[in-house]
1. Which of 44, 31, 88 moves the most in a Gaussian network model of the chain with Cα springs under 10 Å?
2. Select from 12, 78, 56 the residue whose mean-square fluctuation is largest in a Gaussian network model of the chain (Cα-Cα springs shorter than 10 Å).
3. Roughly how many debye, to the nearest 20, is the charge dipole of the chain about its Cα centre, given +1 on each Lys and Arg Cβ, -1 on each Asp and Glu Cβ, and no other charges?
4. About the Cα centre of the range 1-54, how large is the charge dipole given +1 on each Lys and Arg Cβ and -1 on each Asp and Glu Cβ? Please answer in debye to the nearest 20.
5. Taking only protein heavy atoms into account and a 1.4 Å probe, give the accessible area per residue of the chain in Å².
6. Go through 95, 82, 7 and say which Cα lies farthest out towards the positive end of the charge dipole of the chain; charges sit on Cβ, +1 for Lys and Arg, -1 for Asp and Glu.
7. Out of the total accessible area of the range 44-106 (probe 1.4 Å, heavy atoms of protein only), what percent is carbon and sulfur?
8. What net charge is computed for the residues neighbouring residue 66, neighbours being all others with C-beta under 9 Å from the C-beta of residue 66, Lys and Arg scored +1, Asp and Glu -1?
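The values are calculated or read from the model by the stated rules, or taken from the named source; none is laboratory data. All values derive from a computational prediction rather than experimental measurement. Cβ sites come from the backbone with ideal geometry, for glycine too, and all protein chains shown count toward neighbours. We work out accessible area using only protein heavy atoms, side chains counted, and drop any ligands, DNA or RNA first. Shrake-Rupley method; radii C 1.70, N 1.55, O 1.52, S 1.80 Å.
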Amino acid sequence: QVQLVEFGGGLVQPGGSMRLSCAASGIAFSENLVGWYRQAPGKERELVARISRGSVRNYADSVKGRFTIDRNDAENTVSLQMNSLKPEDTAVYFCNTGDWRGTYWGQGTQVTVSS
């Protein structure tokens with residue numbers, strides 16, 4: 001059984017930083033594309049960043065230069081370091097991956113950027 005669990009959300013002031021982590025069981029992040037998505041109230045879920053098997057990273061234009069996605073193969077985790085946070089980054093952040101069995105999502109973690 002595959003399970004993804006996100007950690008690290010909360011409240012942060014504009015301009016601040018926050019680090020999210022996603023831990024997987026039942027699937028190896030190193031063997032699959034892993035993405036961070038977010039969904040703000042009233043908006044569709046959008047891709048924030050992703051990292052491929054070969055560690056190629058892609059970012060949404062809105063977060064380029066501020067967010068960094070990394071993978072720790074030994075711990076089977078993927079992190080999202082978020083710097084220079086803005087109120088518009090407020091959303092529920094989800095970890096996502098998949099293999100031949102299907103697509104998997106974590107339960108999400110709330111990130112609120114507010115003064």
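1. Result: 44 has the largest fluctuation of those listed.
2. Of 12, 78, 56, the most mobile in the Gaussian network model is 56.
3. So the magnitude is around 160 debye.
4. Taking the Cα centre of the range 1-54 as origin, the dipole is about 100 debye.
5. Using a 1.4 Å probe on heavy atoms only, each residue of the chain averages 53 Å².
6. Checking the options against the dipole of the chain, the answer is 82.
7. 45 percent
8. Every neighbour counted, the sum reads +1.
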